[in-house]
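This report refers to the structure that appears directly beneath it.
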Amino acid sequence: MAAHIARRSRGHGEDPRYTAFLDKAPGNRTLYALRTVYLGQAALVWLISLPVQAASYSFTPLGLPAFCGIAVWALGLAFEAVGDHHLARFKQGPANRGQITARTSGFLPLPPRKAARGTPESTK
């Protein structure tokens, strides 16, 4: 998934939302990002991969825990790919210029809204 995200964002610079997030960092930006973003992600990766980790310590054929782990991984990759496809289609529409789609209500996206004046999204 990391390779997919890296390929998708190559050449586009840093996400303006992430840059704005780091601009509010008290002290060292790198340590702030590590504490608030990456350590949480690492904990989630460890937790979600527990079935595969447990299965890797067995010399028997793959069992239910391994297949559960593979299913979770495949589902995450599929959701990321579908989301990228829909975002690319949204950005192609001239009527969507200056709009952002960051709001959601549960699993359903809310209608797009205009970006605030002066934000990076409103100047694209």
* To do: Quick one: in region 47-59, of everything that is open to solvent by less than 90 Å² (accessible area, probe 1.4 Å) and hydroxyl-bearing (Ser, Thr, Tyr), which residue is nearest to the chain's Cα centre (by Cα)?
  => Ser49
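Hey, can you tell me all the residues within region 82-93 that are among the aliphatic types (A, V, I, L, M) and at pLDDT below 85? Give the steps one after another, and end with the answer.
Initially, region 82-93 is screened for residues among the aliphatic types (A, V, I, L, M), giving 82, 87-88.
Leu87, Ala88 - these are the residues of region 82-93 that are among the aliphatic types (A, V, I, L, M) and at pLDDT below 85.
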* Inspect all residues belonging to region 28-46 and state whether any of them is open to solvent by less than 50 Å² (accessible area, probe 1.4 Å), modelled with pLDDT under 80 and part of a helix (DSSP H, G or I). => no
* Looking at region 16-27, is at least one residue open to solvent by less than 100 Å² (accessible area, probe 1.4 Å) and closer than 30 Å to Ala66 by Cα? -> no
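Looking only at region 48-72, count every residue that is hydroxyl-bearing (Ser, Thr, Tyr) and either part of a helix (DSSP H, G or I) or touching a residue at least 12 places away in the same chain (Cβ under 8 Å) (or both) and tell me the total. Don't jump to the end; show me each part of the working.
So the first thing to find is which residues in region 48-72 are hydroxyl-bearing (Ser, Thr, Tyr), and the list is 49, 56-58, 60.
Narrowing further to those that are either part of a helix (DSSP H, G or I) or touching a residue at least 12 places away in the same chain (Cβ under 8 Å) (or both): 49, 56.
Of the residues in region 48-72, 2 are hydroxyl-bearing (Ser, Thr, Tyr) and either part of a helix (DSSP H, G or I) or touching a residue at least 12 places away in the same chain (Cβ under 8 Å) (or both).
The values are calculated or read from the model by the stated rules, or taken from the named source; none is laboratory data. Computed from a predicted model, the values in this text were never measured in an experiment. Quick reminder, even Gly has a Cβ in these numbers, built from the backbone with ideal geometry, and neighbours come from all protein chains shown. The accessibility values were calculated without ligands, DNA or RNA, using every heavy atom of the protein model including side chains. Shrake-Rupley method; radii C 1.70, N 1.55, O 1.52, S 1.80 Å.
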